Structures are given as C-alpha cells and as structure tokens.
Amino acid sequence: MSVDSDGTEDAGWDVDPEDEQGVAVLSALGRQLKAWREQAGIRAADFGLAIGYGEDQVRKVEGGKRIPRPEYLDRADEALGAGGKIAAMKEDMETVRYPKKVRDLAKLERQAVEVGVYSTHVVHGLLQTPDHARALFEMRQPSYSQDQVERYTAARMARQAIFSRTPAPAISFVHEASALLRPIGGTMVWRQQLERLVEVGQLRNVSLQVMPNSREAHAGMDGAIEILKFGDGKALGRSEGAFNGRPVSDPRQLRVLELRYGIIRAEALTPRESLDFIKELLGET
C-alpha cells in the first residue's frame, strides 16, 4: 500500500468522473460513511488519525471522490463500532473498484465457458504476474500516474480469478515466441513471468502454445485475436486485424476469427512442446 507524504496511508484511487455507475455507487457509499462518523460525533481529522489515513483522504472518500481500499472500510467499521455493517459495503465497492472497461471485460470473461486467445508482442493480461503487468503500465505513453499504474495492475490481477472458477472454463492461449524473449521489467521479473506461464500451462483446463519464430507466415499476421464463447451458444470475438478491431458477435464474422485461430493453433508448437520451450528459456536466465 502506498503512503502519503504526511506518513498516512493512501485511501485508494480517484473516481473517473465519466464512470456514471462508479460515481453513483461511491457517492452513496461516501454519504453512508459520513453519516456513521457524524453520528459517532467524531471529526474527520480525528477519524483519519484513528484509522491511519489523512483528513483529506477521509473527506475525499466521504465525498465520493476516492475509491476506498477494503482495509479502509474494515478499519472504519472497527473505529465506529459498526458491527460489520460498514465492512459489508466492500461488496458494493468491489463492483466499481476497477475502471469500467476492465469491469466490462472481466464480466464477459466470468460468463465465458470457453476462451481462446492469440497474443502477439506481449504476454496476455490473464497470464501476467503483478510485476510484469506493472512494468508494462509504467512503459505506457503518454505516461500513467503511479495511481493509475497501481489501479490498472490490480484490475488485471483481479481478472485472473477466471483460473479458480468452478466449473472451470476451457482456456487456450497461443503466444508468439518473440513475446517470451523480451525481458520486460528486468531479468528477475521476466523469470517469474516465465515460471507463471509454466504453472498455468499445467492446469487441466488450460492449453498454452507458442508460435515459433521459424514460422515464416501464418493466419495471425494481422494481429491479436480473442474469442469468448458462452453457455447459451452465443459468442463474442475481436481481432486487431479484422472488422476494424471492433468486437463482433455475428456468426459469419465469428467464423472468420475462428478459422484464423484454428489455423494458428495448428501451426503453433503443441502444448507439451511449448512448455519445454518455456522451460528452456528459464534455463537460460
């Protein structure tokens, strides 16, 4: 957790004013927290001191301008003797904790019974370690603030709950070998990322393949592909090199993406060969 210049802890992340759902939920949450504090007869400064946060942070949370961390609500519950009623607000807060576009994607991934991914120049977000993801966000241009880096990193890690879902979805990944050769974040971060790939690649519901650099050309040359299939038979797909990069659900358009993805998987190394390839890279670090 980050610490402010005055030594107090950072309550959380700023709210995106364009996120209407987030603004509404956090405004309501802030009003409830302020009502609890005022009913207890505690000034904002004293309350902040009691829970380890600055007065400015407390007022931002109560004003619906700052997304509180779960521990903020836990400490507030204890300090105000709320008997778990404030801590229970974490469920509402979690619905808007991350950026809206990430929440929307995570919702689709939670609903999917089958996920197919072809990734080109970076390791896919569902497979990234926290340090690898953070390094990628820190490289973005125009640059993100550290607050944005931490929020997007946390959101990306939250999406990985898909691996512990029951029943487990069928997930397949194909990565370009070149994406596994670039030591993003430095040697140790890169090594941890490769170890994570080996770990996930051994899950029974996951197929992890590598497209070797020796393939002169293949069906994925136009860019990344992601296909989500749902229990009701519907599907959603997106590719950088098809349909202007827009998400598509029309069966005719989906067939194009499925054809390309099928050829990509056929031309990539097998899952066993791919794990051996990654382990060989680990031996070289």
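Counting only residues that are open to solvent by 30 Å² or more (accessible area, probe 1.4 Å) and within 14 Å of Val15 (Cα to Cα), give me the helices (runs of 4 or more DSSP H) lying completely in the stretch 59-115 with at least 2 of them.
100-111
If you go through the stretch 198-216 one residue at a time, do you hit one that is more than 26 Å from Asp104 (Cα to Cα), surrounded by fewer than 12 Cβ atoms within 10 Å (Cβ to Cβ), out of contact with any strand residue (DSSP E or B) (no Cβ under 8 Å at 6 or more places or on another chain) and of a type in the set (A, V, I, L, M, F, W, C)?
There is no residue in the stretch 198-216 that is more than 26 Å from Asp104 (Cα to Cα), surrounded by fewer than 12 Cβ atoms within 10 Å (Cβ to Cβ), out of contact with any strand residue (DSSP E or B) (no Cβ under 8 Å at 6 or more places or on another chain) and of a type in the set (A, V, I, L, M, F, W, C).
Could you list, in sequence order, all residues of the stretch 208-241 that are under 20 Å from Leu275 (Cβ atoms) and either over 20 Å from the mean Cα position of the chain (by Cα) or free of Cβ contacts under 8 Å to residues at least 40 places away in the same chain (or both)?
Residues satisfying the conditions are Gln209, Val210, Met211, Pro212, Asn213, Ser214, Arg215.
Report every pair of residues separated by at least 6 positions or lying on different chains whose Cβ atoms are under 6 Å apart, first residue within the stretch 85-105 and without any contact (Cβ under 8 Å) to a residue 60 or more places away in the chain, second of a type outside the set (S, T, N, Q) and open to solvent by 30 Å² or more (accessible area, probe 1.4 Å).
Here the result reads Ala87/Asp74; Lys90/Pro70, each pair linking the stretch 85-105 to a residue that is of a type outside the set (S, T, N, Q) and open to solvent by 30 Å² or more (accessible area, probe 1.4 Å).
Considering every residue within the stretch 189-209, establish whether at least one is among the charged types (D, E, K, R) and assigned to a strand (DSSP E or B).
no
When you go through (1) surrounded by 17 or more Cβ atoms within 10 Å (Cβ to Cβ); (2) within 18 Å of the chain's Cα centre (by Cα); (3) at pLDDT 95 or above one by one for Val174, which number turns out not to apply?
For Val174, the failing item is (2).
Got a number for residues in the stretch 216-273 being assigned to a helix (DSSP H, G or I), among the hydroxyl-bearing types (Ser, Thr, Tyr) and farther than 18 Å from His124 by Cβ?
0
Suppose we filter the stretch 80-137 for residues that are of a type in the set (A, V, I, L, M) and under 21 Å from Ser164 (Cα atoms); how many remain?
Residues meeting the conditions: 12.
Check whether at least one residue in the stretch 253-276 is open to solvent by 10 Å² or more (accessible area, probe 1.4 Å), among the β-branched types (Val, Ile, Thr) and in contact (Cβ under 8 Å) with a residue 60 or more places away in the chain, and report yes or no.
yes
Is it the case that the stretch 180-196 has a residue that's under 25 Å from Gly283 (Cα atoms), open to solvent by 30 Å² or more (accessible area, probe 1.4 Å), at pLDDT 95 or above and among the aromatic types (Phe, Trp, Tyr)?
Yes, some residue in the stretch 180-196 is under 25 Å from Gly283 (Cα atoms), open to solvent by 30 Å² or more (accessible area, probe 1.4 Å), at pLDDT 95 or above and among the aromatic types (Phe, Trp, Tyr).
Anything in the stretch 137-153 that is assigned to a helix (DSSP H, G or I) and open to solvent by 30 Å² or more (accessible area, probe 1.4 Å)? List them, or say none.
Glu138, Met139, Gln146, Asp147, Gln148, Glu150, Tyr152
Could you identify the single residue in Ala50, Ala40 that is farther than 13 Å from Arg75 by Cα and free of Cβ contacts under 8 Å to residues at least 60 places away in the same chain?
Ala40
Of all residues in the stretch 240-252, how many are small (Gly, Ala, Ser) and open to solvent by 60 Å² or more (accessible area, probe 1.4 Å)?
1
The values are calculated or read from the model by the stated rules, or taken from the named source; none is laboratory data. Quick caveat: nothing in here was measured; it's all calculated off a predicted structure. Heads up, the Cβs are rebuilt from the backbone with ideal geometry, glycines too, and the neighbour counts pull from every protein chain shown. These accessible areas exclude ligands, DNA and RNA; they are computed on the full protein's heavy atoms, side chains included. Shrake-Rupley method; radii C 1.70, N 1.55, O 1.52, S 1.80 Å.
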